[in-house]
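Participant: Input: one structure, supplied below.
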Amino acid sequence: MAGAGVRRSFWFLIGAITIPVVVLDQATKLFVKSHMELYESISIVRNFVDITYTQNPGAAFSMLSEAPAWVREALLMLLAAAAIVVLVVLIVRAERVSASSIAFALILGGATGNLIDRAIRGRVIDFIRVHYYDLNYPVFNVADSAISIGVALIVLGAIFGESDAPHSS
């Protein structure tokens, strides 16, 4: 009967976390792309948060953006596909819903959202700009946020000893 519980956890995580992350990520990117010009910026909280439409051909924080296009695209698509396979395996193997399995589902949603962009456009749409006047954090998107939150959950779980093993009574 343990297999049924694992399957139920897997489908819950995919349906409640991964799919909504991908849908929200793609919907927000589509909205920004269809309603804004490239590099247009709309202030949300003056001198702190803007919606700024950019496209990132590189990896996180524009890494590899200067590499030849074919190298960058092949490497990033391969890494994203491998990460997705590993994350699916980790979620399937989780015996219960936990901070770690939720983190894997968030990262899976983010990786999938950005992979869809790379496959369709060859680059990722970013649009959330956090800054203090001219001091800027790199522009990011919903997928990047999901990945960052997932990684933070994994780090917190490692620090505080959370695991996927069932608690013994």
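Participant: Among the residues of segment 140-169, which ones are in a loop (DSSP other than H, G, I, E, B) and either modelled with pLDDT of 95 or more or open to solvent by 90 Å² or more (accessible area, probe 1.4 Å) (or both)?
Facilitator: Scanning segment 140-169 gives N141, H167, S168, S169.
Participant: When you check V49 against the structure, is it modelled with pLDDT of 95 or more and open to solvent by 70 Å² or more (accessible area, probe 1.4 Å), yes or no?
Facilitator: The answer is no for V49.
Participant: Pull out all pairs, ordered by first then second residue, where Cβ-Cβ is under 7 Å, the residues are six or more apart or on different chains, the first lies in segment 18-43 and is free of Cβ contacts under 8 Å to residues at least 12 places away in the same chain, and the second is outside any helix (DSSP H, G or I) and surrounded by 12 or more Cβ atoms within 10 Å (Cβ to Cβ).
Facilitator: Note: pairs meeting the criteria are I42/D50; I42/I51; S43/D50.
Participant: Identify, please: which residue in segment 113-139 is free of Cβ contacts under 8 Å to residues at least 60 places away in the same chain and over 15 Å from V21 (Cα atoms) and is, among those, least open to solvent (accessible area, probe 1.4 Å)?
Facilitator: Within segment 113-139, the match that is least open to solvent (accessible area, probe 1.4 Å) is R118.
Participant: Hey, another quick one. When you look at I102, is it surrounded by 23 or more Cβ atoms within 10 Å (Cβ to Cβ) and more than 29 Å from L38 (Cβ to Cβ), yes or no?
Facilitator: So I102 fails the test.
Participant: A further question follows. Looking only at residues that are at pLDDT below 95 and over 22 Å from the mean Cα position of the chain (by Cα) in segment 1-36, which one is farthest from A111 (Cα to Cα)?
Facilitator: M1
The values are calculated or read from the model by the stated rules, or taken from the named source; none is laboratory data. Because the structure is a prediction, the values reported are computed rather than measured. For neighbour counting, all protein chains shown are included, and Cβ atoms are generated from backbone atoms with ideal geometry for every residue, glycine included. Accessible surface is based on the protein model in full, side chains and every heavy atom, while ligands, DNA and RNA are left aside. Shrake-Rupley method; radii C 1.70, N 1.55, O 1.52, S 1.80 Å.
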